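Contents: one structure, followed by commentary.
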Amino acid sequence: LGAVPDAVRPGAPLRLDSAGDGDLAKRLQQIIAGPRQAGEPALSEFVSRQGRRTEIFHHPAGDGGHVVTLLDVTERRNAEEMLAQAQKLESLGRMTGGVAHDFNNFLTVIVGSIDLLRGSIGRDPALRQRLDTMTNAAERATRLIRQLLDFARPPPLQPENINLGPVVHEALPLIHRA
């Protein structure tokens, strides 16, 4: 909260004017004064100017007081956002791989048809030039498909040798106790 350490003690009442962060104090006052039925708890989130996220749980006490729990959830929210981003990238990779395989199938038919045509057109230079242009385009498409598939595939594992001696040595006392 940015409050002075003396103003914050476990279980001790906290005056909103000593909370340190004026914006948070205002938000707490809004929650407490908010239009809810008597005794109904509220859960909301506050984002400070510095980007810190605080989860606020407010429960009116029966004696007219308030129980307010503040929990800094910044790291948890950041981790959740990173996980969501990773899941989106994984989905994009799967979709890219599927599209690349479909295009590869189409390209196989196109390249096969070009080869069949090449054998049946004779020596006509204009037709051969058109088929060469088609072949070059198909080769560029093949390179593009390889790039898409490289993007879609997970990177290969990089196995490495490690010395397990120190790990086993540290674990021996635990094993002997068990």
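A residue that is among the β-branched types (Val, Ile, Thr) and either more than 42 Å from the chain's Cα centre (by Cα) or over 30 Å from Pro155 (Cβ atoms) (or both) occurs nowhere in segment 89-96. Restricting attention to segment 134-155, the residues that are free of Cβ contacts under 8 Å to residues at least 12 places away in the same chain and either open to solvent by less than 100 Å² (accessible area, probe 1.4 Å) or charged (D, E, K, R) (or both) add up to 8. Cβ separations smaller than 6 Å between residues 6+ apart or across chains give the following pairs from segment 41-61 residues that are without any contact (Cβ under 8 Å) to a residue 40 or more places away in the chain and more than 15 Å from Gln30 (Cβ to Cβ) to residues that are open to solvent by less than 40 Å² (accessible area, probe 1.4 Å) and of a type in the set (Val, Ile, Thr): Arg52/Thr74; Arg53/Val73; Arg53/Thr74; Glu55/Val73. Return yes or no: is Ile162 of a type outside the set (D, E, K, R), without any contact (Cβ under 8 Å) to a residue 40 or more places away in the chain and outside any helix (DSSP H, G or I)? Here the answer is yes, as Ile162 does meet what is asked. Of the residues making up segment 76-88, none is open to solvent by 100 Å² or more (accessible area, probe 1.4 Å) and at pLDDT below 90. Residues that are at pLDDT 85 or above, in a loop (DSSP other than H, G, I, E, B) and not small (Gly, Ala, Ser) do occur in segment 124-132.
Would you be able to say whether some residue in segment 93-106 is acidic (Asp, Glu) and over 30 Å from Gln147 (Cα atoms)? Within segment 93-106 (the criterion being acidic (Asp, Glu) and over 30 Å from Gln147 (Cα atoms)), the answer is no, since none of the residues qualifies.
If the condition is being of a type in the set (S, T, N, Q) and under 36 Å from the mean Cα position of the chain (by Cα), then segment 113-156 contributes Thr142, Gln147. Among the residues making up segment 71-95, those that are within 30 Å of His58 (Cβ to Cβ) and hydrophobic (A, V, I, L, M, F, W, C) are Leu71, Val73, Ala79, Met82, Leu83, Ala84. Among the numbered conditions (1) open to solvent by 70 Å² or more (accessible area, probe 1.4 Å); (2) assigned to a helix (DSSP H, G or I), the only one that Leu71 does not meet is (2).
The values are calculated or read from the model by the stated rules, or taken from the named source; none is laboratory data. These numbers were taken from a predicted model, which means no experiment stands behind them. Note that each Cβ is placed from the backbone with ideal geometry, even for glycine, and that neighbours are counted across all protein chains shown. The protein model used for the area step is the full one, side chains on, heavy atoms only, and it has no ligands, DNA or RNA in it. Shrake-Rupley method; radii C 1.70, N 1.55, O 1.52, S 1.80 Å.
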